[in-house]
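Structure, as structure tokens:
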Amino acid sequence: MLLPKGNGQCSGCWSRSVSAGRPPNSREHGGAQPYEAIPLAGDHGWLNLYHLWRTDGFFNRHRVMTENFNRLGPIYREKLGNKESVNIFLPDDIAVLFQSEGMSPNRMLLDAWVAHRDYRNHKCGIFLKNGEVWRSERLVLNKEVISPSAVSKFSPLVDLVAQEFTDFVERELEAGRWLAEINMLPILFRLSLESSFHLLYGDRLGLFAEKVDSSSDRFIQAVEEMLQTTIPLLYIPLELAKWLNVKPWRDHVAAWDFLFEHADQCFGQLLHKLQNVPEGERKYLGIIPELIDQAKLPIDIIKANSVELMVGSVETTAHTLLFTLFELARNPSIQTALRDEATAAYREAQGDVCKLMSSVPLLRAAIKETLRLYPIGLTLQRYPVRDIVIQNYHIPAGTMVMAGLYTMGRSPEIFPEPERYNPGRWLTSDRNYFQAVNFGFGMRQCIGRRIAEAEIGIFLIHILRKFQIVTKSEADLKLIYGFIVMVEDPPLLAFRPFTD
């Protein structure tokens, strides 16, 4: 249980400030304590980094942060190497951070990712940009990636992949190949990759055919390798890593190289395809063709963003689906309720995918509940554009402030019975003020949010309509941090045919 300590505020007062919905930091700046008074998790950045490495703290970052909150209270400072941050997790405090992010919100950029782009003379996508350049490109992308009209256009492409996937599962079951419980994560990666490729490029990879191109598996391996090597490169001096040509840097570059080579091939095929389609006969093909047609962004910028969108959507969708299926398997009553809702909505929608997705509130709540327990991103980061006060501490403009999503989701002060999987908590009349921020907030919320939500929701509807998900495992999953929050040992699951 999270107990606030070390900040001069009793646990009862802290609890009441959360439940009452009042920001506990509402005093004027003049009465706030100085920045240096914020509880500090270790004085020496490099010693802290060494200790984190020696104790496997990199892979247990979510637990380390929660332990620090338990020990130091709802706000603390942390030094790791040459980086310093202020860490928070209370929804009201995150709201204060959101209100101070400005018109062009800045987030922490990943130096290793940027270094690869510079090293290979590639452009950066908006994930690796801040300021006005980020804002101008983001506004163009919003129209085709995250707007309601964009979702209505690419959702049918996702639906086609979902239907093909259920057909594939049925064939596997009929052939007797999926009778035992298996690790579904590699299969869910293929599902996510097939769908993301279809909605981005308007083409198919054929990942559920009898014979699959090995380059697709290599794509997934490259994504995983890139994420794994990002962690050590977050904190060690990057120039030193490059000069010594250490293995994490070499592997990081090789992984990104493959991902960009894949994008080059996709763009070459797409441009050839577009040139051979008469302008008057062109239908909606996907996000990337629409961006190319608009010609509001250079091709190399569109390509850079396509790489980031593909990587982000594949990881988010596959892992969130796995976590959701596992929780539904060990909560059969919730699974039944979701199946009933999905079946009724599917019949009512009559092929209208957008109408379908608007008719499943419990399923949307289940996705929120999964992301509460298993946030793909461990933190959200912002640099406030003006001085702010959080927990009665003064935080200067330009300070990196990190919101701990895993800690918030597991806090009994915020979510009663936090270990219990309960989608209904999101359907009550009680406010959920800044409690569902896994995709970020404001103008800088995740650009791939609607892609991931559409994929996860549509996939679940089709899976639930056709199959019962079962597992023999009742134990909680052991999570590790590999730049994203993931499961150490994927649970074994099985699909069983379901008929009305």
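The values are calculated or read from the model by the stated rules, or taken from the named source; none is laboratory data. These numbers come from a predicted model, not from an experiment. Cβ sites come from the backbone with ideal geometry, for glycine too, and all protein chains shown count toward neighbours.
So which residues in the range 251-307 are under 25 Å from ILE146 (Cα atoms) and outside any helix (DSSP H, G or I), if there are any at all? ARG282, LYS283, TYR284, LEU285, GLY286, ALA295, LYS296, LEU297, PRO298, listed by residue number. If the condition is being within 20 Å of the chain's Cα centre (by Cα) and buried (at least 16 other Cβ atoms within 10 Å of the Cβ), then the range 199-223 contributes LEU199, LEU200, PHE219, ILE220, ALA222, VAL223. Does the range 417-433 include one or more residues that are under 21 Å from LEU477 (Cα atoms), outside the structural domain of LEU338 (by TED's automatic domain parsing), in contact (Cβ under 8 Å) with a residue 24 or more places away in the chain and in a strand (DSSP E or B)? Looking through the range 417-433, none of the residues is under 21 Å from LEU477 (Cα atoms), outside the structural domain of LEU338 (by TED's automatic domain parsing), in contact (Cβ under 8 Å) with a residue 24 or more places away in the chain and in a strand (DSSP E or B). For LEU47, the conditions (1) within 18 Å of PRO412 (Cα to Cα); (2) at pLDDT 85 or above are fulfilled apart from (1).
Residues in the range 291-304 include none that are more than 23 Å from ASP264 (Cα to Cα), of a type in the set (A, V, I, L, M) and touching a residue at least 60 places away in the same chain (Cβ under 8 Å). Among the residues of the range 144-158, the ones that are more than 19 Å from the chain's Cα centre (by Cα) and among the hydrophobic types (A, V, I, L, M, F, W, C) come to 3 in all. Among all positions in the range 353-367, there is at least one residue which is closer than 24 Å to PRO156 by Cβ, in contact with an Asp or Glu (Cβ under 7 Å, 6 or more places away or on another chain) and surrounded by fewer than 20 Cβ atoms within 10 Å (Cβ to Cβ). Take ILE38 and decide whether it is at pLDDT 95 or above, more than 30 Å from PRO248 (Cα to Cα) and under 23 Å from the mean Cα position of the chain (by Cα). So ILE38 does not fit the description; no. Exactly one residue out of SER136, SER152, SER100 is in the same structural domain as LYS472 (by TED's automatic domain parsing), farther than 28 Å from ALA329 by Cβ and touching a residue at least 24 places away in the same chain (Cβ under 8 Å): that is SER152. Per the listing ALA175, ALA162, the residue uniquely of a type in the set (A, V, I, L, M) and more than 22 Å from the chain's Cα centre (by Cα) is ALA175.
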